[in-house]
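The values are calculated or read from the model by the stated rules, or taken from the named source; none is laboratory data. In this text, all values refer to a predicted model and were calculated from it rather than measured experimentally. FYI the Cβ positions are ideal-geometry reconstructions off the backbone, even for glycines, and counts take in every protein chain you see. Ligands, DNA and RNA are stripped out before the accessible areas are found, and what is left, the full protein with its side chains, is counted by its heavy atoms. Shrake-Rupley method; radii C 1.70, N 1.55, O 1.52, S 1.80 Å.
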Amino acid sequence: MDPSSLERLRQVLESGWIGLGPVTKQFEQELAHSDWVGKHPVAVNSGTAALHLALVVADVPEGSAVIVPANTFVSTASVALQHKCRVILADIERATGNIDLESVRDILDTESDVGAVIAVHYSGIPCDIAGLDEISRQYGVPVIEDCAHAIGSVWQGRPMSESPHIQAYSFHATKALALGEGGCVTFNDRASAERAKRLRRLGIDMSTRSWANPYDIPELGFKYNMGDIAAAVGLGQLASLPDKLQKRWSIVQRYRERLSGAPVELVCEAGDSDRTGGFAVPVLVKDRERVRKELDAAGIESEIYFRPLGAFPLHATRATPVAELFSRDVICLPVHPLISLDEVDYVCDRLSESVV
């Protein structure tokens, strides 16, 4: 946590206003002017809420199908079910861990009721945004980007905010911009953002307020709003985010340099001008469970992101063989701003010994 968060929290607590208020608005303004989020951001209480609001504001029809990659957290699919849609799983690219656009096209060519595609930037590695946009235009379906891992990611040398799609971010405790809980959804136009701001607070519209009418509810919404306590933490974290992202990127680079000759597959960006935000460092290995146990014995914690969605009761039955193999082989190595490059070298040495 950035030390300035404590002072910002003190100011909020002493102000007597701790819910959705002026600090949340300030946080949104800072996000809008940042290099990492931009557009018209709407702060909410989780990345899951951000995804759900994205579906609603995109006017995805209830009862339609939503395509999601098999390699993602359950939230990406559960929001479609909450929106009364059915889930269709797309396969992934082994090289990036991201959604396979050919798999998406196959689905769109055979399914007539697709209402949206949700693409995930796995571990912060950017998807092919241009390819997604082409699909969106060709088939007339909106694309929503799950950017839970993608704070600090760069697509074709440009910030993620230049994407033409609705984007949903997570500020969960594990993320580079960590509030504990929180998120935001961003739009290219102000009107959509204003609608999302009403919907995040039960649909309440204060613009018609009068003595006789305190508020109106033209459209029912949800209880998804962020409050000023979380926003105060966010403002502090946002101030130190550039340094943290630079540290993460240097760690990712060190891993890739040290493991370039090792018998592991590096999961990397597809384009030379793309750059991961460094949420995770995934590699693919043989005999994963043995390797993980040896790393654990050496004092090195590893993680797996994620079990394929087909393993859960989502009623999504489409085969995703690449995602199945990927989930069997993937290991995510330690990455956070406090790890040293010497410790990264230690991890690489132990991993190289384990996979020989």
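In the chain, how many lysine pairs have Cα atoms under 19 Å apart, counting only pairs 8 or more places apart or on different chains? Step by step, the pairs that qualify in the chain add up to 8. Which residue, G203, G299, G97, has the most motion in a Gaussian network model of the chain that connects Cα atoms within less than 10 Å? Result: G299 has the largest fluctuation of those listed. The long axis of helix 101-110 is offset from the longest Cα principal axis of the chain by roughly 60 degrees.
Mean projection of the alpha-carbon convex hull of segment 262-334 over all orientations, in nm²? In nm², the orientation-averaged hull projection of segment 262-334 is 6.5. Multiplying each eigenvalue of the alpha-carbon gyration tensor of the chain by 5 and taking the square root yields semi-axes of 34, 27, 16 Å, largest first, rounded to whole angstroms.
Relative to the Cα centre, the charge distribution of segment 9-64, modelled as +1 at Lys and Arg Cβ and -1 at Asp and Glu Cβ, gives a dipole magnitude of about 140 debye.
Taking only the Cα atoms of segment 45-137, the ratio Rg/Rh comes out at 0.93, with Rh defined as the Kirkwood radius.
Share of carbon and sulfur in the accessible area of the chain stands at 52%, probe radius 1.4 Å.
The gain in end-to-end length when the Q26 to D59 segment is fully stretched comes to 9.1 nm, 0.36 nm per residue minus the alpha carbon separation.
Protection proxy ranking for 333-343, 227-237, using the average of other Cβ atoms within 10 Å per residue and placing the highest first: 227-237, 333-343.
For D35 and D272 in one chain, what is 0.36 nm times their gap in residues minus the Cα-Cα distance, to one decimal in nm? Intermediate values should be presented prior to the final figure.
Numbers: separation 237, 0.36 × 237 = 85.32 nm, distance 1.99 nm.
Working it through step by step, the gained length comes to 83.3 nm.
Once the Cα atoms are used to define both axes, helix 4-15 deviates from the longest principal axis of the chain by about 20 degrees. Computed about the Cα centre, the dipole magnitude for segment 125-204 is approximately 440 debye when only Lys and Arg (+1) and Asp and Glu (-1) carry charge, each at its Cβ.
Looking at segment 1-110, which chymotrypsin sites (Phe, Trp or Tyr not before Pro) are DSSP coil and have at most 16 other C-beta atoms within 10 Å of their C-beta?
When the chymotrypsin sites (Phe, Trp or Tyr not before Pro) of segment 1-110 are filtered for loop state and at most 16 Cβ neighbours within 10 Å, W17 remain.
Using the rule -39500 (n - 2.57) for each DSSP H run of four or more residues, divided by the residues of the chain, the 222 nm mean residue ellipticity is -12500 deg cm²/dmol.
For segment 5-104, the list of GluC sites (Glu not before Pro) that fall in a loop by DSSP and count at most 15 other C-beta atoms within 10 angstrom reads E62. Taking each residue as 0.36 nm, the span from E353 to E14 lengthens on full extension beyond its C-alpha to C-alpha distance by 116.5 nm. When you filter the trypsin sites (Lys or Arg not before Pro) in segment 144-237 for DSSP loop state and at most 16 other Cβ atoms inside 10 Å of their Cβ, you are left with R209.
Each Lys and Arg Cβ is given +1 and each Asp and Glu Cβ -1; about its Cα centre, the chain then shows a dipole of about 820 debye. For the chain, the solvent-accessible area works out to 44 Å² per residue, with a probe of 1.4 Å and every protein chain left in place.
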